[in-house]
Amino acid sequence: MEECYLPKWHRELQIFRRVKPVLILEGNVLDVYRRPTTGEACGLGEYLQAFLRDCGYRNIVFYNNRRGFDNPYDPACRRDFAALMGLSEHQLSERGAFRGRNGAAALMADAMTQERSPAAIVLEYASRLLVSPERPEQADTDAFAELLQASQEATEVPTGIDRLKNLLILVVGKVNDLPAWFYLQNPNVKTITIGTPAREEREALLAGDGLRKFFTVRAWQKEQAHFEEHPEELLKLRDHFVGLTEGLSLTELLALRTLCVNENIPVHEMGSVVDLYKFGIRENPWNKLDHARLQLAEETFRRRVKGQDYAVQRSLDVIKRAAVGLGNLQSSSTRKPKGILFFAGPTGTGKTETAKTMAEALFGDERCCIRFDMSEYRQSHSDQRLLGAPPGYIGYEAGGQLTNAVRRNPFSILLFDEIEKAHPSILDKFLQILEDGRMTDGQGNTVYFTETVIIFTSNLGFHRREEGGRVAVSPDMDYATLRHTIHEAIEDYFKLELGRPELLNRIGENIIVFDYIRPETAAAILDAQVEKIALRLSEDRGIRMTLREEARETLLRSALQNLSNGGRGVGNIVESMLINPLSRFLFDQHVPAGVSLTVYGIRSVGGSFELNCAVR
């Protein structure tokens with residue numbers, strides 16, 4: 001028989017059924033659970049039936065609005081309960097309505113206060129008995145008021161060697177689906193939360209012959225000899241799988257077992273079934289990263305992001321760390337995103353470009369960088385746009401912008417631009433994403449962020465208020481001083497102004513400060529943009545463009561006067577002083593394909609620019 005771990009909620013049930021007459025089970029109540037005696041999976045009703053019988057109860061009945069009073073697992077218990085209450089089974093069936101003087105709630109109250117024989121009643125789907133827990137109708141209030149009074153008057157019945165309390169167990173999705181006055185400050189009520197299987201439960205599922213059940217006989221026999229010689233590899237494989245399945249229900253774990261067998265997955269690729277279940281794919285792009293590709297990525301970063309050597313190196317470190325499997329080494333959770341970065345810097349310094357370059361390096365397409373402008377989420381209700389509206393609210397069917405995007409493309413870079421502009425309530429949502437790597441949207445669907453890299457960008461610290469007035473860090477600062485100053489400003493914002501030090505802890509030491517665009521960097525950006533224009537002309541029109549030094553110097557002087565806008569400022573200068581007059585010249589002069597065009601100089605004429613150029 002497989003080893004079966006007793007979950008925490010089961011142990012709580014054992015303890016509190018002796019001291020509390022009313023138990024509320026909430027949380028993961030629609031899952032299946034492994035019987036402690038046999039290890040077989042069963043629903044919560046069947047589990048509770050076996051538990052209560054083992055405790056000594058014989059008068060056990062289940063109630064819900066559809067079936068009324070019943071016990072599908074042991075009809076004798078239903079007959080015993082009817083006899084205990086002085087009813088025939090037919091009369092018991094007639095007490096199906098929850099409300100009313102002769103309703104089910106009144107019978108439950110009578111059962112809890114009688115002293116003839118211990119009774120246990122399981123109220124299934126209790127949250128579906130109310131239209132609204134906040135504003136229950138009078139009939140709802142009366143019914144739960146009877147149960148409230150019964151919780152105060154519940155009796156304990158001797159059974160020879162023991163005494164058993166008359167017990168009422170309410171099963172709900174979440175406890176606040178019930179009237180708050182029923183359970184708050186009620187010393188006779190205990191709420192027990194049923195969570196997803198703990199690590200020990202998942203390990204028990206794979207103990208003994210449990211691991212073999214995940215594979216076909218042929219797949220297991222094919223690798224059996226190897227793992228018998230190297231049992232430590234099999235243990236490592238099992239531990240890795242246990243870590244990957246954190247947060248999954250037992251129903252989902254059993255589905256993984258079925259999927260593993262159906263897809264004939266090899267033993268050494270056991271972990272791939274989790275990606276197949278979550279994302280619909282078996283080959284994870286992260287596993288395809290090799291040394292050559294990372295070397296190419298480094299070259300791409302240096303070419304596209306100018307003057308930010310520190311930021312580029314730190315970003316590459318995140319990629320390399322995830323590629324070798326050390327992304328979450330410092331955390332007990334294996335569900336965190338692959339990387340978390342916080343880009344701080346003035347506008348136009350390459351923060352967005354770095355994120356796009358990372359997306360291209362990792363997933364082969366910069367469109368895998370999904371950008372969210374957080375200035376659009378300033379309001380407290382904006383989280384509904386991001387994560388989806390709850391049931392009953394407008395937009396519920398559409399889902400959330402973030403959760404929809406990750407569901408469509410789970411392997412992506414998530415760029416949250418100007419994060420400080422979002423409402424603080426939205427920042428709270430990021431705590432779960434950064435720690436657990438998942439989020440449940442308004443429709444109840446779980447979205448996984450474990451294969452994403454999350455990047456926040458911010459201008460924090462570059463402009464801040466102090467007692468003397470408005471103070472800004474200056475391009476005159478050396479980079480080390482600049483970085484230290486910005487780090488302090490970001491920490492003060494999260495700890496003192498926002499009051500969210502835990503969010504800063506999730507980010508850790510991954511705050512990357514982008515330097516100002518220095519003159520030498522501006523020159524490199526200018527040359528790169530001119531080279532790009534020349535390449536486009538050559539490819540599209542067959543025109544070979546050459547920019548002479550005088551024209552370049554004119555462009556550079558203007559660009560250096562516009563460094564407050566960073567790299568974008570350089571681009572704006574190139575557009576107004578080179579691209580626009582060049583386009584005008586080519587169009588007006590009907591310049592044909594296949595010629596050579598030399599730009600000797602650039603001059604300002606009446607507020608616009610003209611080129612001194614020749615074609616041959």
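Taken together, the values in this text are just the output of simple stated rules run on the coordinates, not laboratory data. Bear in mind the structure is a predicted one, so any value in this text is a computation, not a measurement. We place every Cβ from the backbone using ideal geometry, glycine too, and count neighbours over all the protein chains shown.
Key figures
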read-out	value
Per principal axis, descending, Cα span of the chain in whole Å	109, 66, 47
Cβ-based exposure ranking for 354, 452, 347, 37, in which fewest neighbours within 10 Å come first	37, 347, 452, 354
Relative contact order, percent, the chain [alpha-carbon distance under 8 Å, six or more residues apart]	10
Average Cα contact separation per residue, the stretch 519-615, under 8 Å, 6 or more apart, as relative contact order %	32
Per-residue Cβ neighbour rank within 10 angstrom, fewest leading, 477, 112	477, 112
Cut-off 18 Å, label 7 Å out along Cα→Cβ of residue 66, residues of the stretch 82-97 by amide N	96-97
Rounded if a/c under 1.5, otherwise prolate or oblate - the stretch 8-194, Cα gyration tensor axes	rounded
Residue order, fewest to most surrounding Cβ atoms within 10 angstrom, among 69, 279	279, 69
Kirkwood Rh and Cα Rg combined as Rg/Rh, the stretch 199-280	0.93
Length-normalised contact order of the stretch 199-280 in % [C-alpha pairs under 8 Å, at least 6 apart]	41
Formal net charge of residues neighbouring residue 447 (Cβ-Cβ distance under 13 Å; K, R +1; D, E -1)	+3
Pairwise label distance in nanometres, residue 310 with residue 217, each label 7 Å out on the Cα-Cβ vector	6.4
Inter-probe distance in nm under a simple model that places probes 7 Å from Cα toward Cβ, at residue 579 and residue 225	6.5
Residue 541-residue 608 FRET efficiency (beta carbon distance; Förster radius 22 Å; 0.05 resolution)	0.45
